[in-house]
1. Can you say whether residue 284 is small (Gly, Ala, Ser), surrounded by fewer than 22 Cβ atoms within 10 Å (Cβ to Cβ) and within 21 Å of the chain's Cα centre (by Cα), as far as the supplied structure shows?
2. Could you grab me the full set of residues in segment 119-146 that are touching a helix residue (DSSP H, G or I) at 6+ places or on another chain (Cβ under 7 Å), assigned to a helix (DSSP H, G or I) and either free of Cβ contacts under 8 Å to residues at least 40 places away in the same chain or open to solvent by 60 Å² or more (accessible area, probe 1.4 Å) (or both)?
3. Name the pairs whose Cβ atoms lie under 9 Å apart, with the first residue in segment 186-200 and under 16 Å from residue 112 (Cβ atoms), the second open to solvent by less than 50 Å² (accessible area, probe 1.4 Å) and among the aromatic types (Phe, Trp, Tyr), and 6 or more positions between them or separate chains?
4. Look at segment 99-118 and say how many of its residues are open to solvent by 10 Å² or more (accessible area, probe 1.4 Å) and closer than 19 Å to residue 10 by Cβ.
5. Could you check residue 337 against (1) in a helix (DSSP H, G or I); (2) in contact with a Gly (Cβ under 7 Å, 6 or more places away or on another chain); (3) aliphatic (A, V, I, L, M) and say which number it fails?
6. Pairs only if they're at least six apart or on different chains, beta carbon under 6 angstrom, first in segment 348-366 and within 23 Å of residue 384 (Cβ to Cβ), second of a type in the set (Lys, Arg) and open to solvent by less than 30 Å² (accessible area, probe 1.4 Å); list them, first residue then second.
7. From the list 183, 177, 215, which one is under 13 Å from residue 286 (Cα atoms), charged (D, E, K, R) and assigned to a helix (DSSP H, G or I)?
8. Counting only residues that are open to solvent by 20 Å² or more (accessible area, probe 1.4 Å) and assigned to a loop (DSSP other than H, G, I, E, B), how many does segment 218-248 have?
Amino acid sequence: MTARHDAIEDLLRTEAPQVLGALVRRFGHFDIAEEAAQDALFAASQQWRQDGLPEHPRSWLIRIAYRRMIDTLRAESADRRRQEQYVASEPNAPFSPPPDHDDSLNLLLLCCHPALSSASRVALTLRAVGGLTTAEIAHAYGVTEQTMAVRISRAKQQIRKSGARFEFTADDDFPGRLFAVMRVLYLIFNEGYTVTTGAELTRTDLTGEAIRLARLLRTLVPDDPEPAGLLALMLLIDSRRATRTTANGDLIPLAEQDRTRWDQEAIQEGLDLIRTAWSQGNVGTYRLQAAIAAVHASAAVAEETDWEQIAALYLALEQVEPSGLVMLARVVAVAHAFGPARANALLEELDRDHGLLQQPLTRHRAHAIRAHLREAEGAVAAAREDFLAAADMTKNEPESRYLSRKADGE
């Protein structure tokens with residue numbers, strides 16, 4: 001793909017929420033508007049590659065999407081009053097929102113509606129705000145295009161049935177909805193950073209899109225420090241990307257990575273963001289996680305990592321977000337800071353209270369962590385059993401190979 005084609009794709013993804021927002025603001029009908037916007041984006045990707053960019057790309061896109069929507073309403077409307085209402089406007093007349101108007105935040109909030117499942121929120125966000133095609137989203141999540149199309153269609157139907165509004169007020173629990181948006185963006189990032197299924201450890205298209213949308217969210221809500229923390233977290237973690245696998249695609253643990261190859265520009269941006277955001281009000285989950293990532297990024301070599309500080313930060317994070325994965329991360333930090341025996345005791349306690357070794361969301365990581373702890377204590381046979389169990393529980397091939405090699409004593 002040429003640089004020109006890359007530039008066009010970047011522009012289309014930037015304009016996608018503006019086109020959809022213009023249609024939803026004027027007509028409502030999120031489901032029909034989203035299809036029309038996608039048609040316009042596809043038409044642009046084909047025509048602009050041949051003819052070059054029009055003078056006003058957003059107006060061009062909105063005009064084409066507007067025509068598609070009018071055509072759909074004409075074809076589908078059995079209610080003549082509704083048809084007359086929408087078609088009264090001249091379909092060829094271009095329209096645009098005010099130049100400084102940005103509908104991206106409303107679209108993000110709408111795509112993360114409480115009525116939708118987590119998977120549906122992710123898919124709809126990538127489609128409506130990210131501008132990805134159904135095929136691209138399906139490929140990223142390892143499902144068929146038909147399966148993803150059904151998921152997106154059902155999500156749009158749920159939005160319609162819920163009577164969700166495009167405009168939001170204080171009565172709509174804005175902080176809660178904003179947190180849902182951040183969670184969706186972090187889910188997208190995590191799926192890209194370590195894919196659930198497949199031969200590759202990462203998917204840079206998903207991590208890149210999550211970072212792009214996190215930048216957008218921070219711009220849209222500049223007075224809230226948590227989106228800044230989320231962006232900092234993503235940048236600091238993603239800075240390690242080039243050092244996470246060998247040339248053969250095998251996983252390299254954090255302690256063995258060549259830190260001189262970490263992306264220093266991303267690290268500096270992340271550190272600057274978290275320093276600024278840290279003191280702005282009560283610290284939330286993303287700023288705490290970004291602070292942990294900053295401690296890792298600040299250590300020139302693994303041996304200089306301040307694990308006691310990381311353990312304390314994870315304890316604080318556990319108070320804010322008492323999830324199994326956070327508890328397991330604290331176990332790892334305690335092992336590095338205070339030794340495997342203390343960490344093993346903590347893991348046993350947490351497992352008794354929360355069933356970490358049995359829960360589907362935590363059992364793979366819990367077994368892998370216990371394997372490392374048992375190995376450190378010299379319990380080789382027991383460690384091998386846990387390494388093999390963890391390897392069997394993951395569908396990510398590089399991770400499975402790494403755990404299997406550990407089981408074999410490599």
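The values are calculated or read from the model by the stated rules, or taken from the named source; none is laboratory data. What you see is a predicted model; the values in this text were computed from it and never measured. All Cβ positions, even for glycine, are placed from backbone atoms using ideal geometry, and neighbour counts span all protein chains on display. The area values use the complete protein model at the heavy-atom level, side chains included, leaving out ligands, DNA and RNA. Shrake-Rupley method; radii C 1.70, N 1.55, O 1.52, S 1.80 Å.
1. So residue 284 passes the test.
2. Correct list: 119, 120, 123, 124, 134, 135, 137, 138, 145.
3. 186/286
4. Of the residues in that region, 1 qualify.
5. It is condition (2) that residue 337 fails.
6. none
7. The conditions single out 183.
8. Qualifying residue count for the region: 8.
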